[in-house]
Amino acid sequence: MHKTERSESGLDWQEAKARLAQDGPNQLHDTHHLPGLGAFLSRFRNPLVIILLLAASLSAFLGDIISFIIIVTIVLLSIVLDFVTTYRSQQAAEALRAGVRVTARVVRSGHEVDIPLADVVRGDLAILTPGKLVPADGTVIVAKDLYVNESALTGESFPQAKTTGDKMMMGTSVTSGEGAILIVATGVNTGYAKIADQLERGGSATEFEREIRQFSSLIIKITFVLVLGIFLINALFRHTALESLLFSLALAVGLTPELLPLIISLNLTKGALAMARHGVIVKRLSAIQDFGSMDVFCTDKTGTLTEDKIALVKYVNGLGAVSESVLRYAYITSQYSARFESPLDRAVKEFRSVDTREYHKVDDIPFSFERKRESVIVANAAGLLLITKGAPEEVLALCTHYHNGQTLHGRIAEQVKAEYDQLSADGYRVLAVATKAVTKPRGYEPADESAMVLEGFIAFLDPAKKSVTATLTKLRNYGIEVKIISGDNALVNRRIAEEIKLTVKGILTGDQITKLSDKQLLELVDGTTIFARVAPDQKRRVIKALQQRGHVVGYMGDGINDAPSLAAADIGISVNNAVDVAKDTADLILLHKSLGELVEGVIEGRRVFANTLKYMMMALSSNFGNMFSMAAASVVLPFLPMRATQILLNNLLYDGSQFGIPTDSVDADQLLQPHKLSIANIRKFMWVFGPLSSLFDLATFIVLIAGFHLGEHGFQTGWFLESMLTQVLVIFLIRSRVGLGKSSRPSAILVASTALSLAAAVLVVVTPIGAFFGFTQLEAPVMLAIVSIVAIYLMATHFAKNAFYRRVII
């Protein structure tokens, strides 16, 4: 049993360092570990790699040393290239993530310090405040109105109260109050670690990931049937078993788009680096694909649609007259509120210094998102006074009297309500202030907030951003609808929407949503632009309803109450100065709270999607066309159309040409609308362009055999060149949906990678190196015929592409 001794001064740094070395970092698993020797060796566990190496060993055993050297060299080159590229990608992604990691506040050697979450150890004294994650498993030793969100563990959406002696677990977060816990278990030793493992094993994949799995499944099925059939036919009727085995295995390698995971990783990493230049840090790389597919963006207005420069501008009684007492009471609650300081509290204190020396704090009832208010209890010469500040709807419901002693009903109540409505309609964010004389010395709770006296209102102004109107226009042009989900009332939200020229189709309030069934909400969400005065669980209901309507939903939030919505959305977006729980939950972090950066991120997400799609279509149009041809030729020819080593060389050079795809530019029209990956449409693409490629391969066979009467080595050389040329050059047609004169320019890196691959292929054929692969020199007429066939193939593909995209949208 580990010791967890502590003192009020916390652990000293030396002891903390020793425990960190003993227990390991405080994280569930090494999610950001860069690949090392183990990762390199793991690539040899690929079944195709194992079979190829076994086949190479068998070749060596039978005396075919050249085949052994060629196969091993090609396999090692592929693995090293994959490993190095993956390492660099992960290194870049890790550097980005490091800049937005959350911290924990602990006591070390008598001082409160912020340390990385991974450095928390057993025996640490962790300080908890609203918005903080519980850094590890621990026991509560100090609690002041401490409420914790345990939904990640229990599914219970309502915060749970914690008192001294209670257990707290990693994976939870503080919603209100404050406290301290003694850490008793970290990292993989926490209860949350087991739950996280189960979630990871059974977690639902994104739509893009599901479609990629379907794509891979399609390829595996075709490869298995084709390769098994070819092996049996060749082994039984035409060639030796070893020769047939090597050919079939090489054929499997040629059919498999083994670069797909790497191309996706390179695309995502490049996208993450590009987004970082625009101020968007990607925590979950796969979120980039979802970001590009997003068609509904939900956000609060503060700081996103407004300047986030909240200023106190009015302090009035319930009838609209300036009231110094209202300002004084508001100042007291802001000065003596719990450790968590809201922007509104800050605005009150920055407005003007108020002399409150006659008051001293006795107790408080911290703010909670369920009550939408907070209270402090202060004492002066006149006695004890409970002061409440919060959402007007909530505070007014507690009040029975007006500040001059009148009962709060009838005409007075109507005038107060009218004053509040007018302030809201003028675009002010309004809080109500109420008081109550009390006598209890300690132990105040929300039940004490009753039969209060309304003092008046304080009003804040947070002007709309002048630049946001143009940004909203851009979002609309990119097919993204913006919806406001806000804790403010409907009038304030409507006023802001008018200022930024956001068309409001409809408004729903939290009270209205409460009365709606999930089915009724589902029918209303598309026609609603503003969701006002909504609670955290209602925000989540709105997001789920939008998803059920088929939308890919992004949600932007930075507060404690935003965490459930960030987790529920397809893309959770937060900002670098958000509370820890919001930053930890989000998929993307904006360095600045700006929709302009968001637009750039969406564009990059769509660019990543488009370039990933290019590779997938390349694999189907070129790989499958050539491999179908090879399979058919092996059945009718007296010799193999290509040797195993030639197929592997073809595959290696072709893969090398594709490394430039993640850097390629994308046509503007492909960025204008969100896209979803459709395997059904990609399958249609395969059945058009696969047979088209095979048709020209057949033409090549006829020319080489019937026209030039080439033997085994000449045929293999000629078809190797034709195969390389068609596979590599077709990318310049498939990369765009429009004609060559109208498409975007290919990137310099893509041009270079394809040129180098083709140069290497030609160099192997025309130099003595080709003899090691079984190639021979071709005469000029043969070369000219091959070039002509390739040119006609590219023209045919261009016309077929135009016809295909007139009928099918991918």
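The values are calculated or read from the model by the stated rules, or taken from the named source; none is laboratory data. This is a predicted model, so every value here is computed, not measured. All Cβ positions, even for glycine, are placed from backbone atoms using ideal geometry, and neighbour counts span all protein chains on display. Surface areas here come from the heavy atoms of the whole protein model, side chains and all, with no ligands, DNA or RNA. Shrake-Rupley method; radii C 1.70, N 1.55, O 1.52, S 1.80 Å.
Every condition in (1) touching a Phe, Trp or Tyr at 6+ places or on another chain (Cβ under 9 Å); (2) at pLDDT 75 or above is met by residue 153 except one, and the failing one is (2).
Filter the stretch 282-306 down to the residues that are touching a Pro at 6+ places or on another chain (Cβ under 7 Å) and closer than 15 Å to residue 472 by Cα and list them by number. Matches in the stretch 282-306: 294, 295, 306.
Under the condition of being more than 15 Å from residue 103 (Cβ to Cβ) and open to solvent by 10 Å² or more (accessible area, probe 1.4 Å), the residues counted in the stretch 570-582 number 1. Collect the residues in the stretch 171-204 that are at pLDDT below 70 and either open to solvent by less than 20 Å² (accessible area, probe 1.4 Å) or not hydrophobic (A, V, I, L, M, F, W, C) (or both), keeping them in residue-number order. Once the filter is applied, which keeps residues that are at pLDDT below 70 and either open to solvent by less than 20 Å² (accessible area, probe 1.4 Å) or not hydrophobic (A, V, I, L, M, F, W, C) (or both), the stretch 171-204 yields 194, 196, 197, 198, 200, 201, 202, 203, 204. For the structure I just gave you, tell me whether residue 323 is at pLDDT 90 or above and either in contact with an Asp or Glu (Cβ under 9 Å, 6 or more places away or on another chain) or more than 30 Å from residue 149 (Cβ to Cβ) (or both). In short, yes. Of 624, 639, all but one fail to be at pLDDT 80 or above and not charged (D, E, K, R); the exception is 639.
Taken together, the residues in the stretch 479-495 that are in a helix (DSSP H, G or I) and at pLDDT 95 or above amount to 0. Scanning the stretch 631-667 for residues that are in a loop (DSSP other than H, G, I, E, B), more than 25 Å from residue 68 (Cα to Cα) and open to solvent by 30 Å² or more (accessible area, probe 1.4 Å) gives a single hit, 665. Of all residues in the stretch 510-529 being without any contact (Cβ under 8 Å) to a residue 12 or more places away in the chain and part of a helix (DSSP H, G or I), which is farthest from residue 472 (Cα to Cα)? So, considering only residues that are without any contact (Cβ under 8 Å) to a residue 12 or more places away in the chain and part of a helix (DSSP H, G or I), the one farthest from residue 472 (Cα to Cα) is 515.
Does residue 266 satisfy the condition of being under 30 Å from residue 502 (Cα atoms), surrounded by 24 or more Cβ atoms within 10 Å (Cβ to Cβ) and over 15 Å from the mean Cα position of the chain (by Cα)? Judged against the criteria, residue 266 is not a match. All of 803, 785 fail the test of being surrounded by fewer than 12 Cβ atoms within 10 Å (Cβ to Cβ), part of a helix (DSSP H, G or I), among the small types (Gly, Ala, Ser) and at negative phi, apart from 803.
Can you spot a residue in the stretch 596-609 that is closer than 22 Å to residue 307 by Cβ, part of a helix (DSSP H, G or I) and over 17 Å from the mean Cα position of the chain (by Cα)? Yes, the conditions are met somewhere in the stretch 596-609. Taken as a whole, the stretch 742-760 holds no residue that is of a type in the set (Val, Ile, Thr), closer than 21 Å to residue 642 by Cα and either at pLDDT 90 or above or surrounded by 14 or more Cβ atoms within 10 Å (Cβ to Cβ) (or both).
Considering only residues of the stretch 761-782 that are assigned to a loop (DSSP other than H, G, I, E, B) and β-branched (Val, Ile, Thr), which is surrounded by the most Cβ atoms within 10 Å (Cβ to Cβ)? That would be 776. The lone criterion from (1) at pLDDT below 90; (2) in a strand (DSSP E or B); (3) open to solvent by less than 40 Å² (accessible area, probe 1.4 Å); (4) not polar (S, T, N, Q) left unmet by residue 131 is number (2).
The residue that is modelled with the lowest pLDDT, among those in the stretch 360-408 that are farther than 18 Å from residue 444 by Cβ and of a type in the set (Phe, Trp, Tyr), is 369.
This table checks each residue for (1) surrounded by fewer than 16 Cβ atoms within 10 Å (Cβ to Cβ); (2) in contact with a helix residue (DSSP H, G or I) (Cβ under 6 Å, 6 or more places away or on another chain); (3) at pLDDT below 95; (4) part of a helix (DSSP H, G or I).
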{"position": "497", "(1), (2), (3), (4)": "no, no, yes, yes"}
{"position": "503", "(1), (2), (3), (4)": "yes, no, yes, no"}
{"position": "508", "(1), (2), (3), (4)": "no, no, no, no"}
{"position": "531", "(1), (2), (3), (4)": "no, yes, no, no"}
{"position": "534", "(1), (2), (3), (4)": "no, yes, yes, no"}
{"position": "546", "(1), (2), (3), (4)": "no, yes, no, yes"}
{"position": "550", "(1), (2), (3), (4)": "yes, no, yes, no"}
{"position": "554", "(1), (2), (3), (4)": "no, no, yes, no"}
{"position": "567", "(1), (2), (3), (4)": "no, yes, yes, yes"}
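Residue by residue, here is whether (1) within 26 Å of residue 416 (Cα to Cα); (2) open to solvent by 10 Å² or more (accessible area, probe 1.4 Å); (3) in contact (Cβ under 8 Å) with a residue 24 or more places away in the chain holds:
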| residue | (1), (2), (3) |
| --- | --- |
| 273 | no, yes, yes |
| 314 | yes, yes, yes |
| 327 | yes, no, yes |
| 333 | yes, no, yes |
| 347 | yes, no, yes |
| 352 | yes, yes, yes |
| 355 | no, yes, no |
| 362 | no, yes, yes |
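Only one entry of 425, 381, 413 meets the criterion of being open to solvent by 20 Å² or more (accessible area, probe 1.4 Å) and either among the aromatic types (Phe, Trp, Tyr) or free of Cβ contacts under 8 Å to residues at least 12 places away in the same chain (or both), and that entry is 413.
Just a yes or no: is a residue in the stretch 474-484 free of Cβ contacts under 8 Å to residues at least 12 places away in the same chain, over 28 Å from the mean Cα position of the chain (by Cα) and surrounded by fewer than 17 Cβ atoms within 10 Å (Cβ to Cβ)? Scanning the stretch 474-484 turns up no residue that is free of Cβ contacts under 8 Å to residues at least 12 places away in the same chain, over 28 Å from the mean Cα position of the chain (by Cα) and surrounded by fewer than 17 Cβ atoms within 10 Å (Cβ to Cβ). Quick one: which of 605, 596, 625 is open to solvent by 20 Å² or more (accessible area, probe 1.4 Å), small (Gly, Ala, Ser) and touching a residue at least 12 places away in the same chain (Cβ under 8 Å)? Going through 605, 596, 625 in turn, just one is open to solvent by 20 Å² or more (accessible area, probe 1.4 Å), small (Gly, Ala, Ser) and touching a residue at least 12 places away in the same chain (Cβ under 8 Å): 596.
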